[in-house]
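K.L.:
Shown below is the structure under consideration.
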Amino acid sequence: MSQEGDRPDEGNPGKSEDTLDNTEQSARKKIRQNTPSPNRGSTPEPSPPQFVSVEELMETAKGVTNMVLAHEIVVNGGLQIKPADLPENSLEKRVRDIVHKAFWDCLESQLKEDPPSYDHAIKLVGEIKETLLSFLLPGHTRLRNQISEVLDLDLIKQEAENGALDISKLAEFIIGMMGTLCAPARDEEIKKLKDNREIVPLFRAIFSVLDLMKMDMANFAVSSIRPHLMQQSVEYERKKFQELYKKQPNSLDFVTEWLQEAAENLASKAGPAVDDGAASGNMTPALCPVAVQNHAYLELLKWDHLQKPFPETVLMDQSRFQEMQLELDQLILMGAVLLVTFNAAGTALSGLPGFPDKLKMVIRVLLTGLHLPSFNLGETLAVLSEKVCAEVNACLSQHGFTPFTSEKETALKGQIQALANPENTVCKLIDSRIQSFLESYLASSHQKSLPGVPGGLGPIQKELEEIAVKYVRLVDYNKMVFSPYYDAILSRILNKEASPQL
């Protein structure tokens with residue numbers, strides 16, 4: 001169906017992710033050298049308060065909006081533009097439906113006049129023409145000429161005035177051109193258009209499919225621009241943030257507090273510094289800037305979003321960190337349930353193909369809505385314990401093993417229900433091992449060999465690694481953008497920590 005290679009190539013969004021990763025790493029040094037950055041020796045001195053005009057504020061807001069959009073395209077590999085879905089009973093939807101109905105009713109009444117009036121129909125053809133032309137690439141000269149010739153509005157008006165306009169023939173051409181330009185995924189919608197013989201419903205359907213084609217083109221453009229934008233986005237975001245910083249000199253206060261807390265927590269875990277006889281001012285390995293940053297990013301997965309302001313440099317990704325935080329909370333419970341279950345059942349069930357996945361599906365379904373205020377964890381775990389015991393006994397019987405005794409079943413149910421306690425030892429163990437794994441993954445993110453999954457996390461290894469990949473990519477990108485700011489702040493914090501107390 002396609003002509004001149006006109007269809008968007010949905011299967012070729014650009015460079016592969018591996019290529020992008022290599023591009024990021026090779027560009028890292030160049031980015032640091034060529035982009036505007038604050039003083040590296042210390043945190044920039046705050047400027048006195050300044051009054052700004054409304055125009056300056058609007059321009060800043062526009063810059064932030066553009067930065068957020070660029071960031072979203074780069075970070076969110078699955079970004080898709082979707083149609084606005086208005087709530088069913090909302091005022092906006094009612095108004096839109098009323099206006100649309102009035103328009104199409106008017107078109108239908110015009111076409112039923114004797115002789116028919118084509119004023120509205122010609123306007124629609126004009127809109128369709130502009131939309132079709134917008135889909136063309138610069139090299140599509142023949143298609144552009146064909147559209148302009150057949151959908152010549154002046155000629156169509158003359159035909160209408162002389163009673164010679166064949167609206168069905170125009171619709172047929174439009175549908176054929178849409179079939180030429182649409183993505184393969186829209187072939188079925190185009191086929192349905194060809195079967196529609198009523199003019200008004202047909203034009204309504206044409207506009208509906210054109211809207212889908214617009215989204216296809218927009219999503220293709222996003223996927224096409226992502227590899228190129230990746231190379232520019234670090235410099236762009238840092239520049240935009242620097243512009244914002246100049247207007248709001250205190251825009252690193254929460255970042256400073258965040259890194260200060262991370263340094264203090266890491267120092268307390270490392271214990272007292274060891275005097276190795278080195279010159280004054282040297283830092284202990286535990287308080288090197290990279291370790292502090294990694295620890296700070298781990299803290300974002302435990303953040304109290306209702307009580308503590310989020311650091312300014314990661315504000316655009318707050319929702320992503322929240323989402324990962326929720327996923328990890330669910331994963332901790334899943335890992336704990338699986339650990340106590342397989343400990344009770346022995347190694348026989350854990351090695352059975354498909355059984356761990358079946359249990360995980362049951363757990364995941366019952367833990368849906370874990371963070372909603374209405375969710376009752378105690379009641380859910382009670383139901384879950386019954387379901388797990390039933391699945392375990394069924395599987396044991398199916399494979400020729402002795403089912404649980406009532407005493408063993410009661411003990412397993414009690415262990416699962418005890419996971420509702422925040423201080424539960426099993427949950428804390430799973431949580432600790434997940435944190436250790438993420439910390440190791442983060443520390444080795446630029447190495448070929450990645451850390452192994454700690455003991456007890458095998459059943460949730462796949463889910464954990466999926467989260468780890470998203471998490472590390474997000475952290476690494478944020479570091480690339482804001483490393484000059486972090487270096488400056490940590491230089492002051494850590495040198496102060498390492499200086500001798502007088």
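Bear in mind these aren't lab numbers, they're just calculated from the coordinates by the rules spelled out. Everything numeric here is computed off the predicted structure, so don't read it as measured data. We place every Cβ from the backbone using ideal geometry, glycine too, and count neighbours over all the protein chains shown.
K.L.:
For a quick protection proxy, order the peptides 210-217, 470-477 by their average other-Cβ count within 10 Å, most packed first. Numbers along the way, then the final one.
P.N.:
Values: 210-217: 16.9, 470-477: 19.1.
Per-residue Cβ counts within 10 Å, averaged per peptide and sorted highest first, yield 470-477, 210-217.
K.L.:
Which ³J(HN,Hα) values in Hz, rounded to whole numbers, follow from the phi angles of the range 337-345 under the Karplus curve 6.51 cos²θ - 1.76 cosθ + 1.60, where θ = phi - 60° and Gly and Pro get x?
P.N.:
Ordered by residue, 3J(HN,Hα) equals 4, 5, 5, 5, 5, 6, 5, 6, 8 Hz.
K.L.:
Under the Karplus relation 6.51 cos²θ - 1.76 cosθ + 1.60, θ = phi - 60°, what is the ordered set of whole-Hz ³J(HN,Hα) values for the range 106-119, x standing for Gly and Pro?
P.N.:
Those phi angles translate into 5, 4, 5, 5, 5, 5, 8, 5, 10, x, x, 9, 10, 4 Hz.
K.L.:
Only Cα pairs under 8 Å and at least 6 apart count here; give the relative contact order of the range 318-479 as a rounded whole percent.
P.N.:
Numbers: 116 pairs, mean separation 46.5, N = 162.
Relative contact order, the range 318-479: 29 percent.
K.L.:
Roughly speaking, what is the stretch gain from Lys239 to Arg96, that is 0.36 nm per residue apart minus the C-alpha to C-alpha distance, in nm to one decimal? Please list the in-between numbers first.
P.N.:
Values: separation 143, 0.36 × 143 = 51.48 nm, distance 4.05 nm.
Stretched out fully, the Lys239 to Arg96 stretch lengthens by 47.4 nm.
K.L.:
Still on this structure: Using 0.36 nm times the number of residues separating Glu198 and Ser134, minus their current alpha carbon distance, what extension gain do you get?
P.N.:
The Glu198-Ser134 span can extend by a further 20.4 nm.
K.L.:
Let me see the pair-distance distribution of the range 318-479: every alpha carbon pair, 5 Å bin width, integer percents in order.
P.N.:
Pairs per bin, as whole percents: 1, 8, 17, 20, 19, 14, 10, 6, 3, 1, 0.
K.L.:
Could you give the size of the charge dipole of the range 430-490 about its Cα centre, using +1 on the Cβ of each K and R and -1 on the Cβ of each D and E, expressed in debye and rounded to the nearest 20? Don't jump to the answer; show the numbers that get you there.
P.N.:
Numbers: 6 positive and 7 negative charges, 27 e Å.
So the dipole magnitude of the range 430-490 works out to roughly 120 debye.
K.L.:
Local charge sum around Pro356 (other residues, Cβ-Cβ under 14 Å, Lys/Arg +1, Asp/Glu -1)? List each step's numbers first, then the result.
P.N.:
Numbers: positive: Lys358, Lys360, Arg364, Lys462; negative: Asp357, Glu391, Glu463.
Neighbourhood net charge equals +1.
K.L.:
So, in the range 318-479, how many Lys pairs have Cα atoms under 16 Å apart, if the pair is 8 or more places apart or on different chains? Let's see the in-between values first.
P.N.:
Numbers: Lys358/Lys387; Lys358/Lys462; Lys360/Lys387; Lys360/Lys462; Lys387/Lys408; Lys387/Lys413; Lys462/Lys470; Lys470/Lys479.
Summing the qualifying lysine pairs gives 8.
K.L.:
Considering only Ser432, Gln461, Ile363, whose Cα is most displaced toward the positive end of the charge dipole of the range 318-479, charges sitting on Cβ of Lys, Arg (+1) and Asp, Glu (-1)?
P.N.:
Gln461
K.L.:
Using the per-residue mean of other Cβ atoms lying within 10 Å as a proxy for protection, in what order, highest first, do the peptides 358-370, 293-305 fall?
P.N.:
Working: 358-370: 15.4, 293-305: 18.1.
Those peptides, ordered most packed to least, come out 293-305, 358-370.
K.L.:
Hey, with R₀ at 51 Å, roughly what FRET efficiency would His305 and Ala164 work out to, going by the Cβ-Cβ distance, to 0.05?
P.N.:
Working: r = 67 Å, r/R0 = 1.31.
For R0 = 51 Å, the calculated efficiency reads 0.15.
K.L.:
For the peptides 415-424, 160-169, 176-185, what is the packing order when you average, over each peptide's residues, the other Cβ atoms within 10 Å and list the highest mean first?
P.N.:
Put in order of decreasing packing, that is 176-185, 415-424, 160-169.
K.L.:
Continuing with this model, one more query. Quick one: Karplus J couplings for the range 125-136, per residue in order, coefficients 6.51, -1.76, 1.60, θ = phi - 60°, nearest Hz, x for Gly and Pro?
P.N.:
4, x, 5, 5, 4, 4, 5, 4, 5, 5, 7, 7
K.L.:
With r as the distance between the Cβ atoms of Ala420 and Ala205 and R0 = 51 Å, compute the FRET efficiency 1/(1 + (r/R0)^6) and round to 0.05. If you can, show how the numbers build up before the last one.
P.N.:
Working: r = 53 Å, r/R0 = 1.04.
My answer for the efficiency is 0.45.
K.L.:
Each label point is 7 Å from the Cα along the Cα-to-Cβ direction; what then is the distance between the points at Phe401 and Arg320, in nm?
P.N.:
Placing both labels 7 Å beyond Cα along the Cβ direction yields 4.1 nm.
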